[in-house]
Amino acid sequence: MAETNQGLSIGQVAERTGLSVHTLRFYEREGILAAPVRRGPGGRRVYSDGDVEWLHLCVNLRSAGMPLPAIRQYAELVRQGADGEEHLLALLRQHRDQVTTEIEQLTESLGLITRKIGAYAERLARGVTGPVRCTPPPTGRPSGEEPRRSWRAGPA
C-alpha cells in the first residue's frame, strides 16, 4: 500500500497493523499512542507512518505479555522525552526480566513435553498396548521441596 502525504485512514492502519478499528480507537482513548492522532477534514483520524511504527511496537509488547497499563506508562514516558528515559529503561528492563523468566519456564515445559513424546513414540514402536499406567507424584518429599506439577504417564 503506497504512502500518501495525506496520511492513512483508520481502516488502512487497521490493515497494516492487524488491529481492529475498535482497538485503534480504544488505544487512542486509553493513551496508548505516543502522540495524539491528528484529525483531517470532517474530524476523521489521519495516521502517519510513525503512528503505524508505534502501533507495531505496541503489538510486539502485547505479544510479549506486557499489560496495557504498562504500555500506557511506556507511552507516557516516551511523551516526556529525555526526562522519562531513566524510568523507561527501568520499565523495559523489568519487562525483559519477566519475559526471560517466562521463556525459561516454557523451555522447561517444552522439554517435558518432548520427553513425553519420545516415551510414547517408543512405546508405540515397541507395540505396547493397553491402558497407560499413571503414577501419582511421590509422597514424603523433604520439607520445602516443591510438589511435582504433573503426573507421570508411562515411562519418561
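Among the GluC sites (Glu not before Pro) within the range 18-102, which fall in a DSSP loop and have no more than 15 other Cβ atoms within 10 Å of their own Cβ?
Glu30
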**Item:** Percentage relative contact order, the range 10-124, counting C-alpha pairs under 8 Å, at least six apart
**Value:** 19 percent
**Item:** Added length on full extension, which subtracts the Cα-Cα distance from 0.36 nm per residue, Glu28 to Leu89
**Value:** 19.6 nm
**Prompt:** Using r as the Cβ-Cβ distance of Val99 and Val78, and R0 as 22 Å, what FRET efficiency do you calculate, to the nearest 0.05?
**Reply:** 0.65
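FYI, it's all coordinate maths here, none of it is from the lab. Predicted, not measured: the structure shown is a model, and the values here were computed from it. Glycine also receives a Cβ, built like all others from the backbone with ideal geometry; neighbour counts cover every protein chain displayed.
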